[in-house]
Amino acid sequence: MNGRSSMGWCFGRAGAWLVLLFLVLPALIALPVSLTPERYLSVPKDSMSLRHYANLFSSDEWISSIFQSLVIACGAAILATVLGTLCAIGLWRISTRFSEAIRALLLLPLIIPPIISAMAFYRVWVKLGLLDSYLGMIIAHAILAAPMVLITVSAALANFDPKLEQASRNLGAALPTTLRRVIFPSIRPGILAGAVFAFILSWDEIVVTLFIAKFRVFTLPRRMWDGIRENTDPTVAAAAVVLIVVTLTALLLSVLLSRGRAPAAETKET
Amino acid sequence: MRLNNYWLLVAPLLLLVMALYAWPVINILWLSVTEPQAGLQNYEKLFASSSLARILWTTLRVCLLTTFGAVLAGYLVAYMMAHLASGERSWMLTFVLVSFWVSVLVRAFAWLTLLGRNGLLNGALISSGLTDEPITFVRNELGVLIGMIHYMIPYAVLPLLANMQGLDGRVMSASRSLGAGPLVTFRRIYLPLTMPGIFAASILVFVISLGFYVTPAILGGGRVLMAAEYISVQVLVTLQWGTASMLATLMLGGVLALMFTLSRFMKLSEVFGAKA
């Protein structure tokens, strides 16, 4: 538009950056707070200290929570990625009115409020004896995360030429071979992105976790939830930093791994 | 015939979701008319109980205010992103995405640390002499609104940006060269053209707010009771599945109706796909 140097434009630009700072800065306050030398929540003034990190990594409770969260997030990411990728390929190839309705149905866990998912899981998990177990958490998180994989893999498939798949099949390759040698390599960035999103979704999931895990399984977000409600100990700030660092590392990794591959660049642009 | 093979790829996830997700959710809906006994008595409570009415009203009010705030702020950001040079735009997008991916729990904790009674902001205000008594920013509706608008702004920016980037800039240039000032061009041309984006962003933000649990529970401090928190109390503490499933049914009905409306004019995968 015209008038980029006008007053209004400058105000708008400044306003937009203010909103962006409002978005990012408060979320990162955990970092300075985690470095405070005091025993209460505060920003370090004269000196910094790593005592709360020492606390975090020497506490059996926090360590076991971090470990449990990692195991569950990896398990859920693997399960969601395998099932979601296969499903996305199937739906992409079938592509009828009916299969598109199935796709909409499979996206429901992303749309239905987590609190309702939590109620649903809770009742079934009681009956199946899956409450408070690794398996129960992994399955629940995988069901919630599979739609993410479905979306990213479908986006990658949209850029993939179906003729390549037909050529492979016509040349006599069976479906498993075609999947492994032709389709998977071409949509790898989409699969990878889906896996990372699934991992992050499980890694910081709290609402369903509150309902289906109580004692034996106590994930990092679950322990932070308790810590936040007590709201005094800066160890929670250190845990928050660990939570963010793992999330951002996973994202960065997926960006780096898919860099330079054309399909990934296209998916990212849209 | 060969297509049957492909249903084998779809089947594992489909069966898992049907058996362990869709069916249990339907069961919850069913509970609302069968627990504790068959009939509509759970729905009658809506008219009989003033506390339920208050919770619904709080939920609706907070969601509407959140939608308004998040879409307004998101519009400004998306507008600037759509019209700035690509270097600055990608920096802005990075900010939006970082905020998008930071855990909701961490953000609620951050707001509590900043705005709490003994929080950093109150500490700064008191030591600078601007106020003697700490100001209550959180454990009230203000705190919930700050936290929820903060969470929802990225969800508003992404559909708005998609809409604005699809516009033809020549329309605005034509308006300017025909003598309309920037404000008139914005109000008469740009704003109407971005209405679909505003509509999509509003529905998306409203729907996510409707079932929001973490932020109201932490920043409301028990004083701002919204539907999701009330459901969790009914299920985990008082074991009133009837009331809980009735509220869940209302919530789900609202969410699905709104998402269906949204899907009429915008592909859902595009709205969510913008995550990447």
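For peptide B:228-234, the mean count of partner chain Cβ atoms within 10 Å of a residue's Cβ comes to 3. Partner shielding of A:25-32 amounts to 6, given as the average count of beta-carbon atoms from other chains within 10 Å of each residue beta-carbon. By the compact-protein rule of thumb, 2.2 N^0.38 Å, the alpha-carbon radius of gyration of the stretch A:54-269 corresponds to a ratio of 1.14. Within the stretch B:128-242, the ratio Rg/Rh, alpha carbon atoms throughout and Rh by Kirkwood, equals 1.21. Note on chain A: GNM, Cα springs under 10 Å; of A:F11, A:F211, A:F121, the largest mean-square fluctuation is that of A:F11. Taking each residue as 0.36 nm, the span from B:L239 to B:A11 lengthens on full extension beyond its C-alpha to C-alpha distance by 78.5 nm. Take every Cα-Cα distance within the stretch A:1-107, group them into 10 Å bins from 0 onward, and report for each bin the whole-number percent of pairs it holds. Distribution as computed: 11, 17, 17, 19, 24, 11, 1 percent.
For the stretch A:144-223, the fraction of C-alpha pairs farther apart than 20 angstrom is 50 percent.
Per the Debye formula with a single identical scatterer at each Cα and no solvent contribution, what log10 I(q)/I(0) holds for the stretch B:26-65 at q = 0.27, 0.29, 0.31, 0.36 Å⁻¹? Here log10 of I(q) over I(0) equals -0.85, -0.88, -0.91, -1.02. The stretch A:79-153 and the stretch A:181-258 have Cα centres separated by 17 Å. Its residues counted as N, the stretch A:61-153 yields a C-alpha radius of gyration over 2.2 N^0.38 Å of 1.21. The coefficient of translational diffusion for the stretch B:1-129, derived via Stokes-Einstein from the alpha carbon Kirkwood radius under 25 °C and 0.890 mPa s, stands at 116 µm²/s. Taken about its Cα centre, the protein assembly as shown carries a charge dipole of roughly 1240 debye when the Cβ of each Lys and Arg holds +1 and the Cβ of each Asp and Glu holds -1.
Pick from B:L178, B:L120, B:L167: which residue has the top mean-square fluctuation in a GNM of chain B where Cα pairs under 10 Å get a spring? With Cα springs under 10 Å in chain B, the top fluctuation among B:L178, B:L120, B:L167 is at B:L178.
Counting beta carbons within 10 Å around each of B:L97, B:L9 and listing the fewest first gives the order B:L97, B:L9. Considering only Cα atoms, the convex hull volume of the protein assembly as shown works out to 182 Å³ per residue. If R0 equals 45 Å, the separation of the Cβ atoms of B:A85 and B:L256 corresponds to a calculated FRET efficiency of about 0.65. Counts of other chain beta carbons within 10 angstrom of each beta carbon in peptide A:65-77 average 0. Considering only A:L70, A:L144, A:L164, the Gaussian network model of chain A with Cα springs below 10 Å gives its largest mean-square fluctuation to A:L164. Computed packing ranks the peptides B:142-149, A:28-35 as B:142-149, A:28-35, most packed first, by mean other Cβ atoms within 10 Å.
Arranged from fewest to most other beta-carbon atoms within 10 Å of their beta carbon, A:D233, A:D46 become A:D46, A:D233. Once the convex hull of all Cα atoms in the stretch B:35-273 is built, its volume per residue stands at 174 Å³.
Every number here is computed from the coordinates shown, using simple stated rules; none is lab data. Just so it is clear, the structure is predicted and the values come from calculations on it, not from any experiment. All Cβ positions, even for glycine, are placed from backbone atoms using ideal geometry, and neighbour counts span all protein chains on display.
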